[in-house]
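Colleague: Below is a structure I'd like to ask you about.
The values are calculated or read from the model by the stated rules, or taken from the named source; none is laboratory data. All figures in this text were calculated on a predicted structure; none of them were measured in a lab. Ideal geometry is used to build each Cβ from the backbone, glycine not excepted, and the neighbour counts take in all protein chains shown. Quick note on the areas: whole protein, heavy atoms, side chains included, nothing else; ligands and nucleic acids left out. Shrake-Rupley method; radii C 1.70, N 1.55, O 1.52, S 1.80 Å.
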Amino acid sequence: MSAATTRSRTPDRLCAEAVDLARAAAEEAAAPGVLGEHEGLVSEGDRVVTHFFGCRELGYRGWRWAVTVARASRAKIVTVDEVVLLPGPDAVLAPEWVPWSERLRPGDLGPGDLLPTEADDLRLEPGYTGAEEPPPNSALTEDLADRAEDEDAAVTGGSPAEQTVTPSRGSIAAVAEELGMRRARVLSRYGLHAAADRWEEAFGPKTPMAQAAPASCMSCGFLAPIGGSLGQAFGVCANEFSPADGRVVSLAYGCGGHSEAAVMPKPPQPAPPVIDETRVDPFPLRPSPDSGSVPASEDASSADLGHS
């Protein structure tokens with residue numbers, strides 16, 4: 001360890017003794033009555049010391065007023081360098097700042113709000129010039145360019161969304177517009193999988209509603225099909241009484257509003273029990289008059305026997 005390093009870690013005597021100077025500077029910067037006791041000091045370098053004072057202000061628990069004092073070489077006068085309020089080891093701090101793009105959650109977008117997408121958003125890829133197009137230095141690309149020249153078709157640079165004028169007939173942009181591929185970007189494979197996972201979790205076969213449904217949406221007449229690759233596994237529910245009305249549902253989803261629920265065969269009924277424990281057998285509170293060995297009506301023969 002060098003002598004300079006050792007000297008920098010040892011507080012300067014005059015700067016360390018300037019507690020009153022540091023307190024006066026902290027009281028001038030802080031509000032009246034919020035400055036606490038002296039909580040120590042630390043050496044910042046040669047003839048530079050920072051004094052710490054407690055902060056009693058509400059909402060700043062664990063914070064400290066830091067007053068840095070210094071003196072010139074061979075000078076005996078200590079001056080104040082800066083006064084700041086810094087968090088201590090046990091200070092209450094705000095949570096770490098997170099960019100808005102990471103804090104945004106589904107449903108946060110309201111009327112009038114704009115949600116710009118990043119240029120390198122993994123959920124999107126260029127439209128007709130996307131990943132299926134060969135690289136620019138590919139021999140296949142040169143072959144396509146030669147064919148375009150042979151067919152007198154002008155290859156317009158840029159994506160269709162960047163075209164400021166109507167593309168001329170025969171250009172790639174014109175063909176893309178005619179085929180409905182005017183969009184600058186479309187869903188990438190990652191975007192398709194992310195959307196499918198969300199829809200599968202909300203209205204998929206593992207939901208309690210689908211587990212208790214009589215049949216799946218694949219056989220339901222209220223299912224409106226959708227196009228594209230997602231149409232192989234999803235559709236839109238058009239039953240106003242269904243909890244998924246107007247939502248994208250999995251073909252394996254189901255609910256009690258299935259179109260064929262009324263005509264479906266009833267589940268088999270279990271066999272009647274051997275001992276019916278649900279039936280109640282009535283018993284009279286008093287015995288029947290004719291249940292005894294002696295008739296209820298008295299006659300001459302029974303009267304002699306003394307029966308009442």
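Colleague: Inside segment 212-250, can you point out the residues that are in contact with a helix residue (DSSP H, G or I) (Cβ under 9 Å, 6 or more places away or on another chain), part of a loop (DSSP other than H, G, I, E, B) and open to solvent by 50 Å² or more (accessible area, probe 1.4 Å)?
Modeller: G228, P243, R247
Colleague: State which residue is surrounded by the fewest Cβ atoms within 10 Å (Cβ to Cβ) when the search covers only segment 3-17 and only residues that are at pLDDT 90 or above and under 25 Å from G62 (Cα atoms).
Modeller: Within segment 3-17, the match that is surrounded by the fewest Cβ atoms within 10 Å (Cβ to Cβ) is E17.
Colleague: List, please: which pairs have Cβ atoms under 6 Å, are six or more places apart or on different chains, and start with a residue in segment 40-52 that is surrounded by fewer than 17 Cβ atoms within 10 Å (Cβ to Cβ) and modelled with pLDDT of 90 or more and end with one that is among the β-branched types (V, I, T) and part of a strand (DSSP E or B)?
Modeller: Taking only residues 6 or more apart or on different chains, the pairs are V42/T50.
Colleague: Restricting to segment 115-133, and then to whatever is at pLDDT 50 or above and farther than 19 Å from R105 by Cα, can you tell me which residue is most open to solvent (accessible area, probe 1.4 Å)?
Modeller: It comes out as D120.
Colleague: Could you tell me which residue of segment 18-34 is nearest to R71 (Cα to Cα), considering only residues that are surrounded by 14 or more Cβ atoms within 10 Å (Cβ to Cβ) and not hydrophobic (A, V, I, L, M, F, W, C)?
Modeller: Across segment 18-34, the extreme among qualifying residues is R23.
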